[in-house]
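Engineer: Mind looking over this structure? Questions follow.
The values are calculated or read from the model by the stated rules, or taken from the named source; none is laboratory data. Computed from a predicted model, the values in this text were never measured in an experiment. No Cβ is skipped: glycine too gets one built from the backbone with ideal geometry, and neighbour counts run over all protein chains shown.
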Amino acid sequence: MKDVLMNIFEKTVSKSRNKGLDEVEFYGEWIRSLNIDISRDKVKSMKSSFNVTYGIHGCIGKRIGSIGSRNLEADLDTLLEKLVSIAKSNPEDPYFPGFAKGYSRGFEPKTVDKRLVDIDSEYVLEILNNAMSSSRESALKNGAEEVIVSEGGLRIDNYGVLIGNSNGETLYHEYTLFDIGYTVKSRAGGEESSFTMMISNRMLDESEVMKEAVRAGEYSVKFMKAKPVESGTYRVLLDHYMTALFVATALQPAFSAHEVQENRSPLKGRIGQEVLSSSITIVDDPFIDYGIGSRSFDDEGIRCSKKAVVEKGVLKTILYNYYTASRDRTLSTGNAIRANPGVLTRPGFTNLVIQPLSNLSSFDEMASSGRVLVVHGMIGYWMSNYVNGLTQATVSHGLLYVNGEVKQAVKNVVIGGNIYDWMGSSLLALSKDVVKVSNIYTPALLIENVRVAG
Amino acid sequence: MLDLSWLIKYGESRGAGFVDIRFHDRTYELIVLDNGVVKQYTVSTSKGVGVRVVVDKFFGYASTNRLDKDSLMEAVDRAISVAKSMSKFGLPIELFERKIVRDRVTSKFSIDPFTVDSSEKISVLKDMYSITRDFKDIISCLARFGYEYDNRFYQSSWGDEVEVTNRLIGISILTVAKVNGVVERVHDQKSMVAGWEFIKSTDWCEFSRDVAQITVQAAKSPAVKPGRYDAVLDNEMVGLLLHEAFGHATEADIVEAGGSVLEGRVGERIASDYVTVVDDGLVEGGFYLPYDDEGSPKVKTVTVDRGVLKTYLHSLWTAKRFDSKPTGNARVMDYEQVILIRQTNTYMEPGDHSVDELFEDIKEGVYVRGRGAMGGQVDPSMGTFTFTAGPSYLVKNGRVESLIRGVMISGNILETLKNVDAVAKDLKVTTSVFGGCGKDGQMVRVGDGGPHIRVRGLVIGGGV
């Protein structure tokens, strides 16, 4: 399929010159997917799809435009004429340095699991069925009287990406992706409770699937009879998964040079200053084998590099793409991320790795440190605000520990605060172990003085 | 009309008992003006075909955006192949057999936005940005113009042929204010099923000024003190609450999966007498959806009538499964996706009160406002919901007083709807060209709204 993309790219470059564009950048991808949907312990539907999508970005001087297409019937001349019309009507962007040049690869992490490329759909169904069976067995073993896997699904992608520019530079790479997620719902003693498991990986790891399936069954029972706690200030232990969710929404975007330059990040002007607890180092690491964000070059062809972004709490750098780096008169850090082929890049993390340095403890020790609200599930966390660091969510799966004993399961309470406090002055301890949640690798966090509304 | 009946016949010849085809042609224009500079001007097009087959009572889906004859036939073969492989673990399905539908409809518009010069569109955004420059505390402004042309053609082996063309247009703005070290942001948008005439007839500078003003005021405001409050929710918050916290639980595919708190409750009282909830594809101000993606007419569906749950929202499959009728809620994001049951425009029917009357007997409460709200989320299996509101107001002794920020509401939907004790007359429904409703990785356009309502004992918290 690389040939299909290369063919469109070459025609684009050749025609763009005649249309009056000074430069073009091409980003194309093909994707082959298998999707399975679950409903009440059964497979509801299965889908096989194949798509090619590409984006062409062009400029006339400092006037820029973009075209995205998921239409292989589209006439390239017409698309390029539209692109020229957009670019001509656009005012100049005084900061535009041209499209990225100097394509190269860094270290090449593993991003393709060949087993996923050639996998048989019936074997995929077996994996899914085994996982659902394990979840149900685990729930029953932990006290459920009835249990179902209510809804969810499994997705396998194999895709390739081609990046090119009008200098004739190109880079191509392939990836695989395995996603599984479903909700286990249990009943016991007239009560109901549920838990949702999610795994996202570039390789198929059956043992990881089974481990999470068993955990989902166990956790579907653990929060029976949950109720709110009184409003007040609590010591809160965010498990690894919950920490990752808050980091993804309230912290991660603030490191983008784009947000910093547009005054939408509290990290503006803070390089060299302590922004988080000295117990924390944050690394952008694109070279982890099978990491969700792993890559050897970014989405505009610049080589990636491993770097400390926060070292012992001190902000060392923000993340740049070609455009924002030029605007700050520095070099791209190889962190260009493209939301889809038709849009320009923004800087972002590849894999965000939080390294716990001190105040380390085990999860159980942290849960036993007095009166602690342990959070294992929440909704609405994505409404946290990276512009000011505000964090908020409603706890859906919590446990109130008092001196090491679970006093009650907790739900329907709002926890709120600020991520820079939670990972700064209010941070009491971090777990020794680090867990991967999508592209974030994080310890669990024990935090003091968290506002709770019940 | 496009004719893919030959492809349907091919599917039937390969052993499918039922075949339907969704052709989808969509163009989306997006302009992003970031602090006065156009940072993105993209026109994205998408065209492809999705195929669904039923083989021995199992669904199989496939899609392609290669539209040559061989690729389309190959997609049908793949759909049949995956349907056959489901015999061991699959869920057997049957479809509700309704009357054949043949129609072609287009949403109303006067001026095609694609005929309007790009510089005119950019100029509207630039004027909005200039207004925000008058506010010294505004440190960032991001304005967007969006326009979507969406053409869908549905054809089935029953003989259905339905074509719907939709045009949705709008403008949004995000402003960030910094006052004494406190940073606050507010986002707002206005969209309409219409053409360029909607942009021409709206005062976008006034809109921009309002948003900038409330952002600055919010940055100067204290955070809400967490606790339980009597609350008045405005039109937007009611829409958000109903769509997220209640509407998803009425989607029959979630009910069928065992994931809805409303399972087995049709005929039961689940809300106070004041609450009547509707899903309607043709309500003014909302998204235009006369037919769903199975070609079924979208009928006005009363899901809750004066507090009593009357029905779920259905596709052809769930209508048969629940011995009910299709409600026109089978939808897909695009040709590539599988049918899910989705809301269209969800709103509460208006009541008898004036808005002012809702505040009268509140001693200490909160007026929860939707402008600047970031949305919400629900666990439909448990009924737990959470929403962030926009900058809101404290209410004391029946009077709306000072502004507060960081408001997040939370609760259980069935308890909350039972605590609605007053509904105003002022129905308002809105939609958006910049977002919609997400479910299982699919985003579809929706609308929502309602009148102002009063809710007793709402949990309100949030961060600072």
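Engineer: Quick one: is residue A:87 in a helix (DSSP H, G or I), on the phi < 0 side of the Ramachandran plot, surrounded by 19 or more Cβ atoms within 10 Å (Cβ to Cβ) and not assigned by TED's automatic domain parsing to the domain that holds residue A:129?
Structural biologist: yes
Engineer: Let me ask something else. Return only the number of the condition from (1) crowded, with 23+ Cβ neighbours inside 10 Å; (2) in contact with a His (Cβ under 6 Å, 6 or more places away or on another chain); (3) assigned to a loop (DSSP other than H, G, I, E, B) that residue B:324 does not satisfy.
Structural biologist: The single condition residue B:324 does not satisfy is (1).
Engineer: Moving on to the next point. Going by what's in this entry, would residue A:29 be described as in contact with a strand residue (DSSP E or B) (Cβ under 7 Å, 6 or more places away or on another chain) and either touching a residue at least 40 places away in the same chain (Cβ under 8 Å) or not polar (S, T, N, Q) (or both)?
Structural biologist: yes
Yes or no, residue by residue, for (1) under 30 Å from residue A:121 (Cα atoms); (2) modelled with pLDDT under 95; (3) of a type in the set (Gly, Ala, Ser):
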{"residue": "A:150", "(1), (2), (3)": "yes, yes, yes"}
{"residue": "A:155", "(1), (2), (3)": "yes, no, no"}
{"residue": "A:163", "(1), (2), (3)": "no, no, no"}
{"residue": "A:167", "(1), (2), (3)": "no, yes, no"}
{"residue": "A:171", "(1), (2), (3)": "no, no, no"}
{"residue": "A:178", "(1), (2), (3)": "yes, no, no"}
{"residue": "A:184", "(1), (2), (3)": "yes, no, no"}
{"residue": "A:191", "(1), (2), (3)": "no, yes, no"}
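Engineer: If you take just the strands (runs of 3 or more DSSP E) that sit entirely in the stretch B:99-182, which of them hold at least 1 residues that are buried (at least 21 other Cβ atoms within 10 Å of the Cβ) and charged (D, E, K, R)?
Structural biologist: Passing ranges, in order: B:138-156, B:161-179.
Engineer: Restricting attention to the stretch A:65-83, report how many residues are over 15 Å from residue B:38 (Cα atoms) and more than 7 Å from chain B (Cβ to nearest Cβ).
Structural biologist: Here the count works out to 7.
Engineer: Find the strands (runs of 3 or more DSSP E) located wholly in the stretch A:341-426 whose residues include 1 or more that are touching a helix residue (DSSP H, G or I) at 6+ places or on another chain (Cβ under 6 Å) and β-branched (Val, Ile, Thr), and list them.
Structural biologist: A:371-379, A:390-402
Engineer: Could you grab me the full set of residues in the stretch A:169-200 that are out of contact with any helix residue (DSSP H, G or I) (no Cβ under 7 Å at 6 or more places or on another chain) and within 18 Å of residue A:289 (Cα to Cα)?
Structural biologist: A:173, A:174, A:175, A:177, A:179, A:200, listed by residue number.
Engineer: While we're on this one: Looking only at the stretch A:329-343, filter to residues that are among the polar types (S, T, N, Q) and within 15 Å of the chain's Cα centre (by Cα); which one of those is farthest from residue A:162 (Cα to Cα)?
Structural biologist: A:335
Engineer: Now for a different question. Quickly run through the stretch A:327-346 and pick out the residues that are surrounded by fewer than 22 Cβ atoms within 10 Å (Cβ to Cβ) and small (Gly, Ala, Ser).
Structural biologist: Scanning the stretch A:327-346 gives a single hit, A:339.
Engineer: From the residues in the stretch A:34-49 that are touching a residue at least 40 places away in the same chain (Cβ under 8 Å), buried (at least 22 other Cβ atoms within 10 Å of the Cβ) and closer than 14 Å to residue B:255 by Cα, which one is nearest to the other protein chains (Cβ to nearest Cβ)?
Structural biologist: A:39
Engineer: State the number of residues belonging to the stretch A:237-266 that are more than 9 Å from chain B (Cβ to nearest Cβ), touching an Asp or Glu at 6+ places or on another chain (Cβ under 7 Å) and either surrounded by fewer than 23 Cβ atoms within 10 Å (Cβ to Cβ) or on the phi > 0 side of the Ramachandran plot (or both).
Structural biologist: Summing the residues that are more than 9 Å from chain B (Cβ to nearest Cβ), touching an Asp or Glu at 6+ places or on another chain (Cβ under 7 Å) and either surrounded by fewer than 23 Cβ atoms within 10 Å (Cβ to Cβ) or on the phi > 0 side of the Ramachandran plot (or both) in the stretch A:237-266 gives 1.
Engineer: Taking the residues in the stretch B:5-36 that are more than 30 Å from the chain's Cα centre (by Cα) and in a loop (DSSP other than H, G, I, E, B) as candidates, determine which candidate is surrounded by the most Cβ atoms within 10 Å (Cβ to Cβ).
Structural biologist: Selected residue: B:16.
Engineer: Tell me which of these residue B:265 doesn't satisfy, since it passes every other one: (1) within 11 Å of chain A (Cβ to nearest Cβ); (2) assigned to a loop (DSSP other than H, G, I, E, B); (3) basic (Lys, Arg); (4) in contact (Cβ under 8 Å) with a residue 40 or more places away in the chain.
Structural biologist: Status for residue B:265: all satisfied but (1).
Engineer: Could you tell me which residue of the stretch B:46-58 is farthest from the chain's Cα centre (by Cα), considering only residues that are surrounded by fewer than 21 Cβ atoms within 10 Å (Cβ to Cβ) and either β-branched (Val, Ile, Thr) or more than 9 Å from every other protein chain (Cβ to nearest Cβ) (or both)?
Structural biologist: Across the stretch B:46-58, the extreme among qualifying residues is B:56.
Engineer: Among residues belonging to the stretch B:407-430 that are hydroxyl-bearing (Ser, Thr, Tyr) and either under 12 Å from residue B:348 (Cβ atoms) or within 14 Å of chain A (Cβ to nearest Cβ) (or both), point out the one that is surrounded by the fewest Cβ atoms within 10 Å (Cβ to Cβ).
Structural biologist: B:416
Engineer: Same structure again: Can you tell me which of (1) assigned to a loop (DSSP other than H, G, I, E, B); (2) in contact (Cβ under 8 Å) with a residue 12 or more places away in the chain is the one residue A:219 doesn't meet?
Structural biologist: It is condition (1) that residue A:219 fails.
Engineer: For the stretch A:382-416, give me each residue that is more than 8 Å from every other protein chain (Cβ to nearest Cβ) and surrounded by 23 or more Cβ atoms within 10 Å (Cβ to Cβ).
Structural biologist: Those that are more than 8 Å from every other protein chain (Cβ to nearest Cβ) and surrounded by 23 or more Cβ atoms within 10 Å (Cβ to Cβ): A:386, A:389, A:395, A:397, A:398, A:410.
Engineer: In the set A:445, A:390, A:352, A:430, which member is within 22 Å of the chain's Cα centre (by Cα) and modelled with pLDDT under 95?
Structural biologist: Details: A:445 fails: modelled with pLDDT under 95; A:352 fails: modelled with pLDDT under 95; A:430 fails: modelled with pLDDT under 95.
On inspection, the qualifying residue turns out to be A:390.
Engineer: Another question, then. Looking only at the stretch A:164-208, count how many residues are over 19 Å from the mean Cα position of the chain (by Cα), surrounded by 21 or more Cβ atoms within 10 Å (Cβ to Cβ) and closer than 28 Å to residue B:379 by Cβ.
Structural biologist: Residues in the stretch A:164-208 being over 19 Å from the mean Cα position of the chain (by Cα), surrounded by 21 or more Cβ atoms within 10 Å (Cβ to Cβ) and closer than 28 Å to residue B:379 by Cβ: 7 in total.
Engineer: Tell me which residues, restricted to the stretch B:225-239, are within 14 Å of another protein chain (Cβ to nearest Cβ) and either surrounded by fewer than 24 Cβ atoms within 10 Å (Cβ to Cβ) or not aliphatic (A, V, I, L, M) (or both).
Structural biologist: Passing the criteria: B:225, B:226, B:227, B:228, B:229.
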